[in-house]
1. Which one is nearest to the ligand (Cβ to nearest atom), of the residues in segment 21-45 that are within 16 Å of PRO4 (Cβ to Cβ) and in contact with a Phe, Trp or Tyr (Cβ under 9 Å, 6 or more places away or on another chain)?
2. Among the residues that make up segment 114-134, is at least one of them closer than 17 Å to SER213 by Cβ, surrounded by fewer than 16 Cβ atoms within 10 Å (Cβ to Cβ), out of contact with any Asp or Glu (no Cβ under 8 Å at 6 or more places or on another chain) and without any contact (Cβ under 8 Å) to a residue 12 or more places away in the chain?
3. Which count do you get for residues in segment 80-138 that are within 9 Å of the ligand (Cβ to nearest atom) and not in a strand (DSSP E or B)?
4. Does VAL317 fit the bill of being within 9 Å of the ligand (Cβ to nearest atom) and on the phi < 0 side of the Ramachandran plot?
5. Report yes if GLU258 is modelled with pLDDT of 95 or more, away from the ligand (no atom under 11 Å from the Cβ) and part of a strand (DSSP E or B), otherwise no.
6. Being within 16 Å of the ligand (Cβ to nearest atom) and within 30 Å of SER101 (Cβ to Cβ), is that true of even one residue in segment 305-313?
7. Which members of segment 1-18 meet the condition of being out of contact with any strand residue (DSSP E or B) (no Cβ under 6 Å at 6 or more places or on another chain) and surrounded by fewer than 17 Cβ atoms within 10 Å (Cβ to Cβ)?
8. Provide a single number: the residues in segment 150-161 that are over 16 Å from the mean Cα position of the chain (by Cα) and surrounded by fewer than 24 Cβ atoms within 10 Å (Cβ to Cβ).
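The values are calculated or read from the model by the stated rules, or taken from the named source; none is laboratory data. Remember, predicted model here, so these are calculated numbers, not experimental data. Don't worry about glycine lacking a Cβ; one is built from the backbone with ideal geometry, like all the others, and counts go over all protein chains shown.
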Amino acid sequence: MEAPVVIIGTGLAGYTVARELRRLDSTVEIQMFTGDNGGFYSKPMLSNGFSAKKTAANMLTQPAVKMAEQLQAEINTDQTVDAIDYAHQTILTRGVERSYSKLVLAVGAEPIRIPLQGNGVDAIVSVNNLSDYHVLLQRLEGKKSIAILGAGLIGCEFANDLCSAGYEVSLIDPGPLPLGRLLPAEIAEHMAQALLAAGINLHAGTVCSSVESASDGFLVSLQNGTKLHADVVISAVGLRPRAELATKAGIKVNKGIEVDRYLQTSEKNIYALGDCAEVSGLHLPYVMPIMQCARALAKTLAGQLTPVNYAAMPVVVKTPLFPLAISAPLSSNGQWQFDELGANGTKAIFYDDQNQPTGFVVSGDRVNEKRALEKVMPAWLA
Ligand code: FAD
């Protein structure tokens with residue numbers, strides 16, 4: 001009997017590839033392994049759940065047993081995979097070897113921890129899964145002030161959500177403006193104004209140097225000399241692909257686990273997708289690329305070799321204080337042109353050196369132009 005298709009990871013990437021594969025093949029044996037409890041939830045909701053009063057329990061859409069029934073798959077929860085032996089086509093979990101015919105790595109990414117001084121550092125919370133969210137909710141109970149390290153997508157979304165839920169928020173970033181790595185400065189300035197107007201304390205152009213426990217929370221010291229009190233400190237400085245398992249197995253890793261357009265790693269019969277993977281040089285840790293990869297990979301696993309294509313895939317930023325959709329240009333060679341530049345709504349298009357539109361930002365009243373604009377953007381992987 002042929003060994004099963006084994007999927008490591010039950011996040012969006014793992015579950016979507018399993019669902020697509022089951023749709024194409026009702027008999028193939030699918031085994032899944034996960035280090036967590038295997039519950040299915042929408043990860044993007046983690047950064048806008050507070051104002052909607054969502055608990056971790058009501059964010060869970062399906063527990064692992066229900067997923068197993070739906071997918072007709074064996075789901076092994078709380079079972080971290082410790083090693084891969086590609087020569088023998090086995091994985092090692094809880095000291096037991098399990099065979100695979102095809103192996104899919106969907107192991108996600110992990111929060112980056114910046115080195116900081118102080119005895120409060122271990123209490124800093126990063127939110128990258130449902131149990132992190134549960135921990136954060138517990139820490140927030142009865143508390144008032146929050147310091148958020150990092151004003152990228154996730155930091156800004158948390159700031160917006162927690163501020164709307166009534167918390168006092170301080171947002172700290174080394175760049176001069178929030179979302180400064182994704183937005184042209186003119187629009188990032190409007191974003192900053194919107195956050196400030198809502199009462200968010202923006203500490204731009206500086207970094208946190210230490211977090212010390214205090215009798216009533218934490219003392220957060222910034223490199224520019226500012227000292228802040230915070231009841232809870234959240235780190236949102238970024239995620240890095242979880243690649244250790246692959247590296248240990250001798251699978252090639254660059255920014256993420258390297259895969260080609262067929263989601264094939266450097267080793268035969270081993271594939272990767274989602275936040276852990278770098279697809280044809282692109283590491284895009286977002287929902288839409290995962291869906292494209294999962295559909296293509298499921299076809300390949302079902303026997304129909306299929307490359308992934310990426311259209312331009314804008315990200316909608318969940319900051320109702322300043323509605324925003326961004327389709328970041330893949331290369332920074334070129335310049336932004338503003339169709340209109342106003343605090344209430346802006347459309348900006350990035351033109352490359354050949355004067356071709358390759359990226360855009362729409363904000364405020366003009367966010368609904370996203371669909372029309374994404375259609376005229378060139379494909380990222382044609
Ligand atoms: P994960 O969901 O991290 O799943 C990884 C799985 O691998 C887990 O089940 C884990 O237990 C398992 N695992 C890891 N190592 C092992 C091992 N050794 N053995 C067994 N199991 C293992 N994207 C958008 O497009 N729009 C948004 O608005 C948006 N908002 C976001 C908000 C937040 C707060 C965050 C954190 C992300 C957001 N994203 C958003 C990104 C998006 O949610 C992710 O790209 C996506 O959920 C990643 O899915 P994944 O399956 O690759 O990884």
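1. MET32
2. Yes; the residues of segment 114-134 include at least one that is closer than 17 Å to SER213 by Cβ, surrounded by fewer than 16 Cβ atoms within 10 Å (Cβ to Cβ), out of contact with any Asp or Glu (no Cβ under 8 Å at 6 or more places or on another chain) and without any contact (Cβ under 8 Å) to a residue 12 or more places away in the chain.
3. So the answer is 10.
4. Judged against the criteria, VAL317 is a match.
5. So GLU258 fits the description; yes.
6. Yes, segment 305-313 contains a residue that is within 16 Å of the ligand (Cβ to nearest atom) and within 30 Å of SER101 (Cβ to Cβ).
7. MET1, GLU2
8. Residues meeting the conditions: 1.
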